[in-house]
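Right, one structure below, let's go through it.
The values are calculated or read from the model by the stated rules, or taken from the named source; none is laboratory data. What you are looking at is a predicted structure, and each value in this text was computed from that prediction instead of being measured. In case anyone asks, the SASA skips ligands and DNA or RNA and just uses the protein heavy atoms, side chains included. Shrake-Rupley method; radii C 1.70, N 1.55, O 1.52, S 1.80 Å.
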Amino acid sequence: MFLAIRELGFARLRFALMGAVIVLISVLMVMLSGLSVGLVRDGVSGLQNLPVTSFAFAHGVQHDSAFSRSVVDASAVDTWRDQPGVAEATPFGNTLINGRTDRGTEVDLALFGVETDSFLSPAVSEGDRLGPADGIVVSPTVIDAGLRVGDTVTVDRLGTELRVVGVTEQQDTFGHVDVAYVPLATWQAVKSGTPAGTQVPAQAAQEITAVAVRAADGDSVDLAAGDKAAGTESLTLEESYGASPGYTAETTTLQLIQGFLYAISALVAGAFFAVWAIQRKQEVAVLRALGASTGWVLRDALTQALILLALAIAVGMGIGLGLGALISGGNVPFALHPQSIAAAAAGLLVLGLVGAAAAVVRLTSIDPATALGGNR
């Protein structure tokens with residue numbers, strides 16, 4: 001331990017350069033972790049906030065586009081309500097629209113069609129809860145973009161007017177589009193392309209995107225049995241995230257990049273300490289000749305690696321958190337999550353030590369006779 005600290009001070013330039021590389025990797029890891037969490041929240045927070053355990057979609061629907069392709073008959077809701085373990089089941093509709101407010105602001109919204117008295121009807125932080133046929137409750141993120149309670153949104157091509165009556169308590173987005181909750185009948189009119197003031201076709205009035213199912217507390221629902229009875233195909237809430245546009249591609253790409261960064265961290269640490277071990281060969285031979293055990297030499301080298309990695313990662317994480325705080329809340333989908341940051345730091349430290357350990361193990365093969373010129 002004493003020798004490790006002395007060497008850190010003696011060869012401070014070399015260790016500083018190595019530390020700088022680890023700092024940069026740590027900063028990049030923090031930024032990627034924040035971007036990953038931010039993209040997930042921006043892509044599926046509207047689903048994450050729903051108090052459901054599963055969705056029952058149309059049988060045979062493609063899982064990666066279930067919310068846009070699924071059409072389920074409303075009669076399936078009653079079938080699901082009768083299934084053992086189901087506390088509540090209610091219709092759920094989803095569609096994307098373009099609109100313009102009466103103040104000229106263009107908005108894109110993901111309409112969530114729900115029954116106003118169901119467990120899916122959202123709580124509000126401002127305004128009134130869902131009720132009027134033309135009323136919508138919107139995410140606070142669209143309020144930040146310029147929409148206001150009391151504004152009227154006119155749906156493109158249909159002319160249907162939707163009035164903002166309330167704002168949800170937390171961010172609700174789907175596929176990076178702000179969510180607007182709307183009464184189910186109004187959603188069916190918009191989904192079927194029925195112009196304002198026109199009667200919704202009878203068939204369209206019986207169509208929904210999925211059945212939202214909530215299991216009773218402490219119970220589990222046999223999804224396979226429910227699907228067989230209702231003629232549907234169920235996905236758990238977490239599985240349904242993959243049906244959000246771009247969710248799987250975005251998360252997979254970021255996870256792959258993070259995996260490469262972990263591997264690079266181990267390789268960089270291993271390469272540096274491999275070179276350092278070669279340069280220390282004579283000094284280690286002297287220590288071995290003076291009676292230092294193999295375990296002591298390895299512990300000294302790994303202690304040195306631990307100190308360097310811990311300091312560099314701490315500095316890098318601090319810089320990353322500072323940069324993340326600067327861009328949070330802007331147009332970039334970035335969110336700092338303590339658990340993900342801590343996991344990234346621990347991963348970098350562990351893999352860095354693994355790389356260092358693989359490199360310094362060569363110290364065990366140094367012959368003490370080298371100190372006496374026995375290699376000549």
Could you pull the accessible area for residue 129 with a 1.4 Å probe, rounded to 10 Å²? 130
Hydrodynamic calc, region 165-256: Kirkwood Rh from Cα pairs, then Stokes-Einstein at 37 °C with viscosity 0.692 mPa s, so D in µm² s⁻¹ is 198
Can you work out D for region 13-138 in µm² s⁻¹ from Stokes-Einstein, where Rh is the Kirkwood radius over C-alpha pairs, the temperature is 10 °C and the viscosity is 1.306 mPa s? 85
The percentage of Cα-Cα pairs in region 209-252 separated by more than 15 Å is 54
Bin width 10 Å, origin at 0, all Cα-Cα pairs of region 98-147: what percent of pairs per bin? 22, 54, 23, 1
Leaving out ligands and nucleic acids, and using a 1.4 Å probe, what accessible area per residue does the chain come to in Å²? 47
Please list the equivalent ellipsoid semi-axes of region 47-87, computed as the square roots of five times the alpha-carbon gyration tensor eigenvalues, in descending order and whole angstrom. 19, 15, 8
Counting DSSP beta bridges with both ends in the chain, the antiparallel % (nearest 5): 80
Does region 142-214 classify as rounded, prolate or oblate by the C-alpha gyration tensor (a ≥ b ≥ c root eigenvalues; a/c under 1.5 gives rounded; else a/b over b/c gives prolate, otherwise oblate)? oblate
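Kirkwood hydrodynamic radius, region 224-274, all distinct C-alpha pairs: what's the number in Å?
14.3
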Rg from C-alpha atoms of the chain, normalised by the globular rule of thumb 2.2 N^0.38 Å, equals 1.40
Taking every pair of alpha-carbon atoms in region 179-319, give the share separated by more than 23 Å as a whole percent. 68
If you average the C-alpha positions of region 12-77 and of region 164-233 separately, how far apart do those two centres end up, in angstrom? 22
Fraction of accessible area attributable to carbon and sulfur, the chain (%, probe 1.4 Å): 58
Note down the Stokes-Einstein diffusion coefficient of region 85-227 in µm²/s, whole number, using a Kirkwood radius over alpha carbon pairs, 20 °C, and 1.002 mPa s. 137
